[in-house]
Amino acid sequence: DMKVTQMPRYLIKRMGENVLLECGQDMSHETMYWYRQDPGLGLQLIYISYDVDSNSEGDIPKGYRVSRKKREHFSLILDSAKTNQTSVYFCASRLTVYEQYFGPGTRLTVL
Amino acid sequence: AQSVTQPDARVTVSEGASLQLRCKYSYSGTPYLFWYVQYPRQGLQLLLKYYSGDPVVQGVNGFEAEFIKSNSSFHLRKASVHWSDSAVYFCAVSRGGTNAYKVIFGKGTHLHVLP
């Protein structure tokens, strides 16, 4: 069964703290994504990863960075989190041009 | 540039009624089109997809969509909705080809089905 996992599911941090969101997939998909979802804005693309150590900025990369050292694992890092980074973050993976598979999301609150 | 417009932010229908959720896209080439559904506190799940061939595609749970190239539309339909169909529906477009990595999502339509 194809699956994308995200950890943690819920996270509360204080402004200025570092945040690590983790995503895993068991489908050996080359391409992985990080999105954030805010009310009324839909999904906004933060980063795309084409494969290990091959990452590209999406539409809103400022304040974020990513790491992909294994094909199955893709991390999103917030260095010194800000309150406007409070959001729900989704990871997805994709096999070439076909549909994406989404994780359940991480709800991040930055106080 | 690619874009997706879902003109209806919220749609309310009664259980058993028919449904159409609208989606229009802007793309100059041959698009790959998707509809996803998001239930509360969950990630997006694929409902159906269109790559080529028959412009009417069938999806899960009785959903279908029709690709109309002349109108740049990919509306989602269901003949009879159930209360459990209440969710947010996203239309998405991607271009074809080997470098088609980016997927553009609409802002979503929140469907509320009255029991």
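The values are calculated or read from the model by the stated rules, or taken from the named source; none is laboratory data. Computed from a predicted model, the values in this text were never measured in an experiment. A quick note on method: Cβ atoms are made from the backbone with ideal geometry, for glycine too, and the neighbour counts reach across all protein chains shown. With ligands, DNA and RNA removed, areas are computed over all heavy atoms of the protein, side chains included. Shrake-Rupley method; radii C 1.70, N 1.55, O 1.52, S 1.80 Å.
Key figures
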| quantity | calculated |
| --- | --- |
| Relative contact order computed over chain B (Cα-Cα under 8 Å; 6+ residues apart), in percent | 37 |
| Accessible heavy-atom area order of A:Ile12, A:Ile77, highest first, probe of 1.4 Å | A:Ile12, A:Ile77 |
| GNM flexibility winner over chain A from A:Tyr64, A:Tyr47, A:Tyr33 (Cα, springs under 10 Å) | A:Tyr64 |
| Accessible-area ranking of B:Trp83, B:Trp35, largest first, probe 1.4 Å | B:Trp83, B:Trp35 |
| Trypsin sites (Lys or Arg not before Pro) within region A:11-48, DSSP loop, no more than 14 other Cβ atoms inside 10 Å | A:Arg14 |
| Solvent exposure of region A:11-111 as accessible area per residue, Å², 1.4 Å probe | 45 |
| Residue-by-residue Karplus 3J(HN,Hα) for region A:60-65, coefficients 6.51, -1.76, 1.60, Hz, glycine and proline x | 9, x, 4, x, 10, 9 |
| Loss of accessible area when B meets A, both sides summed, Å² nearest 100, probe 1.4 Å | 1800 |
| Cα→Cβ-extended label distance, 7 Å offset, between A:Lys3 and A:Asp38, nm | 3.3 |
| Solvent-free Debye scattering, log10 I(q)/I(0), computed from the Cα coordinates of chain A at q = 0.21, 0.23 Å⁻¹ | -1.12, -1.33 |
| Scattering profile of the protein assembly as shown at q = 0.07 Å⁻¹ [log10 I(q)/I(0), Debye over alpha-carbon scatterers] | -0.22 |
| B:Phe67, B:Phe74, ranked by accessible area, largest first (probe 1.4 Å) | B:Phe67, B:Phe74 |
| Computed over region B:3-114, the ratio Rg/Rh where both radii use C-alpha atoms and Rh is Kirkwood | 0.96 |
| Set A:Lys82/B:Lys78; A:Lys70/B:Lys49; A:Lys13/B:Lys24; A:Lys3/B:Lys107; A:Lys13/B:Lys49 screened for pairs whose C-alpha atoms are more than 31 Å apart | A:Lys82/B:Lys78; A:Lys13/B:Lys24; A:Lys13/B:Lys49 |
| Average beta-carbon neighbours from other chains, 10 Å sphere, peptide A:98-111 | 4 |
| Sulfur and carbon atoms: percent of accessible area, chain B [1.4 Å] | 49 |
| Residue mean of other protein chain beta carbons inside 10 Å, B:41-52 | 4 |
